[in-house]
1. Return the pairs, sorted by first residue and then second, in which the second residue is of a type in the set (Asp, Glu) and within 16 Å of ligand 3 (Cβ to nearest atom), the first residue lies in the range 200-214 and is in contact (Cβ under 8 Å) with a residue 24 or more places away in the chain, the beta carbons are less than 8 Å apart, and the residues are 6+ apart or on different chains.
2. Look through the range 228-263, keep the residues that are at pLDDT 95 or above, part of a loop (DSSP other than H, G, I, E, B) and not hydrophobic (A, V, I, L, M, F, W, C), and return whichever of them is farthest from ligand 3 (Cβ to nearest atom).
3. Taking only pairs six or more apart or across chains, which ones have beta-carbon atoms under 7 Å, a first residue in the range 233-262 that is among the aliphatic types (A, V, I, L, M), and a second residue that is loosely packed, with under 14 Cβ neighbours inside 10 Å and not in a loop (DSSP other than H, G, I, E, B)?
4. Suppose we filter the range 191-214 for residues that are part of a helix (DSSP H, G or I) and within 16 Å of ligand 2 (Cβ to nearest atom); how many remain?
5. Of the residues Gly84, Gly106, only one is at positive phi, at pLDDT below 95 and of a type outside the set (Phe, Trp, Tyr); which?
6. Which condition from (1) in a helix (DSSP H, G or I); (2) buried (at least 23 other Cβ atoms within 10 Å of the Cβ) is the one that Tyr144 breaks?
7. Between Val175, Val166, Val159, which is in the same structural domain as Thr91 (by TED's automatic domain parsing), of a type in the set (Val, Ile, Thr) and out of contact with any Phe, Trp or Tyr (no Cβ under 9 Å at 6 or more places or on another chain)?
8. With the requirement that a residue be outside any loop (DSSP other than H, G, I, E, B), crowded, with 20+ Cβ neighbours inside 10 Å and touching a Pro at 6+ places or on another chain (Cβ under 9 Å), what does the range 116-129 give you?
Amino acid sequence: MTFQKEPPHKHGNVGRSAIVLVNLGTPDAPTASAVRRYLKQFLSDPRVVEIPRVIWWFILNLIILPFRSGQSAKKYATIWTNEGSPLRTHTDAQALGLRAALGERGHQDLTVAVAMRYGSPSLPEVLSKLKQDGADRILLLPAYPQYSGTTTGSIYDAVFQHYGSVRNIPELRFVRNYHDHDGYIRALRDSVLNHWEQHGKPEKLVMSFHGVPKRTLMLGDPYHCECLKTARLLAAALKLKPDEYVVTFQSRFGKAEWLQPYTAPTVAQLARDGVRRVDVICPGFIADCLETLEEISMEVRHEFESNGGAQGAGFHYIPCLNESPAWIAALAEIAEQHIIGWPTQLAPSQREALKKDAEAGRAVALQLGASD
Ligand SMILES: C=CC1=C(C)c2cc3[nH]c(cc4nc(cc5[nH]c(cc1n2)c(C)c5CCC(=O)O)C(CCC(=O)O)=C4C)c(C)c3C=C
Ligand SMILES: [Fe+2]
Ligand SMILES: [Fe+2]
């Protein structure tokens, strides 16, 4: 193991605190080549696909990437905006909102950055940049309310791997989950109630979560339990009776069994059963993306309508929390609960002292021949 060359430690420099909002990632463009690059990195992660590496290499490179890249690119094209991928723009907006909300709570000495697990801006590049900027306390805040080894676990992997070659590692803290956090549940409840105030209440609320292979549940992944707990808390907050909502799992990939019941067939059955109005919410996604805007709002809507559901007004997709004020406030609460003890609330005199310390540190470093 070789460690990166780093400037000498700046004696007396208290350093900065930072929060990194980490989301899954998205292609750089809605083209087959950009989607291929993204899917290759994503689907090569052994946390995401647990098939022996050699076998999977052939399936991925000879079957999945050649066929899926073009198909997925067409889907991405239907949701792409002038600003780019919705997942990326919502995550950026959330980080800006979080920075402002924490500032209002007195945490002015705090950087908020965005990183993506796959694609850009990558975790290693963001963590390196934070180090250059003098951050020596970092909170990693995954954009996943429910923990899964396939998502949250993989972010942890990437962070550990990055620091494996770093000599002077910052203090690291990780948010593991917030599937039952009051602020998150309240933000979801408000979003549903706002929708119902404008459009009336449906006969059935479908709470659709991204699926994972059923095998991961059997092997100890807590994701399924955490989804069910979120659903139960949201139903209670909305005072829903058990027959007024259903929990489903979407985005199945491959031939193996995934968590059931599946979203699309469930919604089709509701239409065939004569349910006249269905609302779908995706509480596991905090930012709208391909899986919500295309799969739910287009494909699953089509399932509903082509199985006898009312055209147009019978199917409603309730958007993700995105940058809604209630969600930004909840994010700030979640972050604040994880940065206890960090010097982020500085009085002007303390900030002045910190600056002097940093300057003194720079002077020492210069005497030692450091370049910055
Ligand atoms: C192949 C296995 C996959 C697992 C396991 C998986 C878990 C998982 N994913 C999310 C969140 C998102 N997934 C998104 C897209 C997406 N997911 C998979 C596959 C698995 N996901 C693929 C192949 C894709 C790419 C699109 C496609 O080709 O169909 C997205 C959207 C990204 C975007 O750019 O908009 C999100 C978000 C979670 C939360 C999760 C497990 C809990
Ligand atoms: Fe996924
Ligand atoms: Fe469970």
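1. Val212/Asp221; Pro213/Glu257; Lys214/Glu257
2. Top of the filtered list is Lys239.
3. Close Cβ pairs satisfying both conditions: Ala256/Arg215.
4. In the first step, residues of the range 191-214 are kept if they are part of a helix (DSSP H, G or I); the result is 191-199, 214.
Then keep just the ones that are within 16 Å of ligand 2 (Cβ to nearest atom); that gives 214.
Qualifying residue count for the region: 1.
5. Numbers: Gly84 fails: at pLDDT below 95.
From the options Gly84, Gly106, the qualifying one is Gly106.
6. Going through the list (1) in a helix (DSSP H, G or I); (2) buried (at least 23 other Cβ atoms within 10 Å of the Cβ), Tyr144 breaks only (1).
7. Numbers: Val166 fails: out of contact with any Phe, Trp or Tyr (no Cβ under 9 Å at 6 or more places or on another chain); Val159 fails: out of contact with any Phe, Trp or Tyr (no Cβ under 9 Å at 6 or more places or on another chain).
It is Val175.
8. Once the filter is applied, which keeps residues that are outside any loop (DSSP other than H, G, I, E, B), crowded, with 20+ Cβ neighbours inside 10 Å and touching a Pro at 6+ places or on another chain (Cβ under 9 Å), the range 116-129 yields only Leu127.
The values are calculated or read from the model by the stated rules, or taken from the named source; none is laboratory data. For clarity, every value in this text was computed on a predicted model and none was experimentally measured. Here Cβ is always computed from backbone atoms with ideal geometry, including for glycine, and neighbour counts include all displayed protein chains.
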